[in-house]
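The values are calculated or read from the model by the stated rules, or taken from the named source; none is laboratory data. If you're wondering where the values come from, they're calculated on a predicted model, not measured in any experiment. For neighbour counting, all protein chains shown are included, and Cβ atoms are generated from backbone atoms with ideal geometry for every residue, glycine included.
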Amino acid sequence: MNIKEYFSSLIEGTHSLIKGMEVTGKELFTKKVTEQYPENRAELKIPERFRATLQFIYDDEGYHKCIACKTCERNCPNGTIEIITRMVDLPNGKKKMKLDKYMYDLGSCTFCGLCVSTCPTNAIEFSNDFEQAVFRREALLKQLNYLPEKEKPAPEPKPTPAAKPVAAKPEEPKPEPKVEEFKPESKAEEPKDVQDPNVEQKETE
């Protein structure tokens with residue numbers, strides 16, 4: 001390194017130092033903002049889009065929308081989610097796969113949101129509750145379906161449509177009995193060509 005390169009690098013270093021001190025000097029005169037946590041816990045405002053921990057979405061009646069399709073488990077990049085299922089018998093005699101346990105490891109979650117965005121039924125979401133500090137690592141493993149499983153009432157059978165009344169066929173008129181005309185029996189007519197033999201003998205004589 002010659003003298004020219006030495007002084008040029010020295011000037012560049014001094015310039016960057018002054019620029020850095022300028023940014024630091026501005027912060028000396030700005031208003032200080034200090035969160036008095038946990039004293040201001042009641043007034044603390046956390047953004048709604050902040051991803052703190054995964055949770056199930058339950059309705060007012062205690063039902064969730066998870067169908068145990070395992071889409072979130074397949075899309076998780078580091079195996080944070082484990083879904084355990086079981087087979088149940090339906091009233092119609094068929095079998096169906098149902099959710100048994102939805103296990104979530106908060107300690108290995110990267111909060112990428114792929115599980116939430118790919119869920120076909122919108123059954124899970126990220127809460128903004130950031131207070132998740134624990135003393136044991138085992139406590140970070142959570143079962144999200146913590147409420148007792150409720151069986152949805154079976155759908156009522158559809159009423160059978162009322163049969164249409166069959167129109168009565170008109171009765172066919174009965175044929176009247178034929179009345180045979182009464183014909184009196186006629187007397188047998190005597191043959192006209194028969195002649196008396198005695199009369200013929202008298203003529204020959």
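Would you please list the contacts, defined by Cβ atoms under 6 Å and residues six or more apart or on different chains, that run from a residue in segment 108-130 that is charged (D, E, K, R) to a residue that is at pLDDT below 95 and outside any helix (DSSP H, G or I)? Close Cβ pairs satisfying both conditions: GLU125/ILE57; ASP129/ALA52. I'd like to check something: does segment 1-15 contain any residue that is loosely packed, with under 10 Cβ neighbours inside 10 Å, not aromatic (Phe, Trp, Tyr) and not in a helix (DSSP H, G or I)? Checked segment 1-15: at least one residue is loosely packed, with under 10 Cβ neighbours inside 10 Å, not aromatic (Phe, Trp, Tyr) and not in a helix (DSSP H, G or I).
Each residue in segment 98-141 was checked for being among the acidic types (Asp, Glu), over 24 Å from TYR37 (Cα atoms) and loosely packed, with under 13 Cβ neighbours inside 10 Å, and 1 pass. For segment 75-97, the set of residues classified as in contact (Cβ under 8 Å) with a residue 40 or more places away in the chain and either of a type in the set (Phe, Trp, Tyr) or loosely packed, with under 14 Cβ neighbours inside 10 Å (or both) consists of PRO91 only. Of the residues making up segment 40-82, just one is over 13 Å from ILE124 (Cβ atoms), assigned to a loop (DSSP other than H, G, I, E, B) and in contact with a strand residue (DSSP E or B) (Cβ under 7 Å, 6 or more places away or on another chain), namely ALA52.
Here is a yes/no grid of residues against (1) more than 19 Å from PHE130 (Cβ to Cβ); (2) of a type in the set (Val, Ile, Thr):
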{"position": "GLY25", "(1), (2)": "yes, no"}
{"position": "VAL33", "(1), (2)": "no, yes"}
{"position": "TYR37", "(1), (2)": "no, no"}
{"position": "GLU61", "(1), (2)": "yes, no"}
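Looking only at segment 34-74, residues that are of a type outside the set (Lys, Arg) and touching a residue at least 60 places away in the same chain (Cβ under 8 Å) come to 16 in all.
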